[in-house]
Amino acid sequence: MAATKQNTQEKSLGKRLALIGVAIVILIIAHFLPVPEGLTYEGKMAIAIMVAGIVLWVTEPIPMAISGLALMCLMPGFGIFAYNGTPGVWANFISNVIFFILASFGITSALLKTKIPTKIVFALMHLTKGNAKTTVLAFMLATAVVSAFVSNLPCTALFAGIAMSSIIDLEKQNGDAKHAANLGKALMIGIAYASIMGGMITPAGSALNIMTLNMLAANAGFTISFLDWIIICAPIAIIVLIVSWLSVSLIFKTDRISEATMMAIEKNGASIGKLDGFDKKVLVILLAMIVAWIASNWTGWDATAIAVAGLAVFFLPGIDVLNWKEYIASVQWSIVLLIGCVQSIAGGIKEQGAASWLFGATVGKLAVSAFAVVAATAIALPLMRLIIPVGPALIAISLIPLAAMGPSMGVSAAVFAVIIAFNANSTFLLGVDSNNMMTFKYNQWKMADFFKAGIIPTIAMVVLHATILAPIVSMLGY
């Protein structure tokens, strides 16, 4: 037994070292390759660092944040950036995105301490009256509403846990086994899809939305306001949400939920009780933040500053929604560090003109219409997401050249930013994405189930991006 364990560890170690070696080889080859016309050596190496990063982030031989930090610190050695200065390695790492993410973890932690998400679920469940299809819809709507203001991962984890304990386990005990299995697939996959779409409704729904807006401002010279984001993204997200529900309902056939299960659900819902003073405090603060975010369309208030102010209110004496230990435990530092590293590396690509070169060497050589460019992007991004399952990397590698391409093709860079944000947040096809794995761990669906259910929503998203997105963006003056 000990020998087997040792062999496994050695094999694992060898594989990890080999993957790190692949990233190093990419950099070595890039160093010795001739510099392409129109590109500098520094620009070439900036692209190589990002490619090496994608390899390390996808395969993860070491934690993603650590490989990101290491690659970021290589940039001065290739003349891309100095460590200090503006632009520089450290300056490009820090942005409003980092502070918004730090605030969002606290907002999420505060909301998840309340009865609000559970109350939403059981209120909707009361209306479904045992219809399995509308029960799945109820869970998806509840997930999407909460995900519009809470990070996708904890939101998915919360509602998956509620679905498992309040419905799926009960139906396995009280109902038909095949029906329980299909209901489990429909609920768990539906919740993962709903979290993605809910997170797209507002900029606050995902840290990657804020990262996209920050990079849009850096590379296109403008950003999208909070209210305008909702006007642009909410219709697409809601339509795709409904299509996702139809997809899981059609593919995983469900019947009525058993009477015994419904009685248990009603009992559990009644036992939760009414919202107490703590719940109401969180709700009032969150509503105030939403109002301030929407008002920022006219007031010019900074969305990140509003988030940070809301976080601070949670700690005020007499309010005491959060304490420091709870907040620190809620922060996912790997996400914070990885986004900062990707921002820094992406800044090097932009600074050295590599983004413009990428555009000029590829799409820029094609004489195509604006519609064709948008449609091609809408189709290509879901496929790229399968190859680059790391959201921040997808944003950096695609938004910089597309933002540069927009004006010359007669397309607002805001169109590309929205398409990229939708795809960066997650995928309907790849079950191993971190958000989707939050439901996979309950062993209700297989990877083939997830892919099969995701084909129709992906097609719907592509069609909407290719058709109605640009007109909406144009209508708002971008």
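The values are calculated or read from the model by the stated rules, or taken from the named source; none is laboratory data. Here the structure is a predicted model, which means the values were calculated and not measured. Here the Cβ positions follow ideal geometry from the backbone for every residue, glycine too, while neighbour counts run over all protein chains shown. These accessible areas exclude ligands, DNA and RNA; they are computed on the full protein's heavy atoms, side chains included. Shrake-Rupley method; radii C 1.70, N 1.55, O 1.52, S 1.80 Å.
One table, with the values for the structure above:
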{"item": "Using alpha-carbon coordinates, inclination of helix 413-425 to the longest axis of the chain, degrees", "result": "60 degrees"}
{"item": "Debye equation applied to the C-alpha atoms of the stretch 417-462, log10 I(q)/I(0) at 0.14, 0.27, 0.33 Å⁻¹", "result": "-0.34, -1.00, -1.20"}
{"item": "Spin-label proximity, VAL308 to the stretch 338-352 - amide N less than 12 Å from point 7 Å beyond Cα toward beta carbon", "result": "none"}
{"item": "Largest to smallest accessible area among ARG256, ARG385 [probe 1.4 Å]", "result": "ARG256, ARG385"}
{"item": "Separation of the SER408 and PHE222 label points, Cα + 7 Å toward Cβ, nm", "result": "2.0 nm"}
{"item": "Shape box of the chain [Cα atoms, principal axes, largest first, Å]", "result": "71, 66, 51"}
{"item": "Label point distance in nm, LEU246-HIS31, each placed 7 Å from Cα along Cα→Cβ", "result": "5.5 nm"}
{"item": "Whole-Å distance, taken between Cα centres, linking the stretch 52-66 and the stretch 296-356", "result": "22 Å"}
{"item": "Where a label projected 7 Å from the Cα of GLU60 along Cα→Cβ would reach, residues of the stretch 429-460 with amide N under 12 Å", "result": "432-438"}
{"item": "Where a label projected 7 Å from the Cα of TRP298 along Cα→Cβ would reach, residues of the stretch 213-233 with amide N under 18 Å", "result": "225-231"}
{"item": "Ellipsoid semi-axes in whole angstrom, largest first, where each is sqrt(5λ) of the Cα gyration tensor of the stretch 178-245", "result": "32, 12, 7"}
{"item": "Quotient of Cα Rg and 2.2 N^0.38 Å for the stretch 271-353, N being how many residues it contains", "result": "1.50"}
{"item": "Inter-label distance for LYS172 and ALA82, nm, one decimal - labels placed 7 Å from Cα along Cα-to-Cβ", "result": "6.1 nm"}
{"item": "Over the stretch 232-372: Kirkwood hydrodynamic radius from C-alpha pairwise inverse distances, Å", "result": "21.6 Å"}
{"item": "Fraction of accessible area attributable to carbon and sulfur, the chain (%, probe 1.4 Å)", "result": "70 percent"}
{"item": "Candidates per chymotrypsin sites (Phe, Trp or Tyr not before Pro) in the stretch 210-253, loop by DSSP, up to 16 other Cβ within 10 Å", "result": "PHE222"}
{"item": "The stretch 391-444 - accessible surface per residue (Å², probe 1.4 Å)", "result": "24 Å²"}
{"item": "Hydrodynamic radius by Kirkwood, which averages 1/r over all alpha carbon pairs of the stretch 208-270, in angstrom", "result": "15.7 Å"}
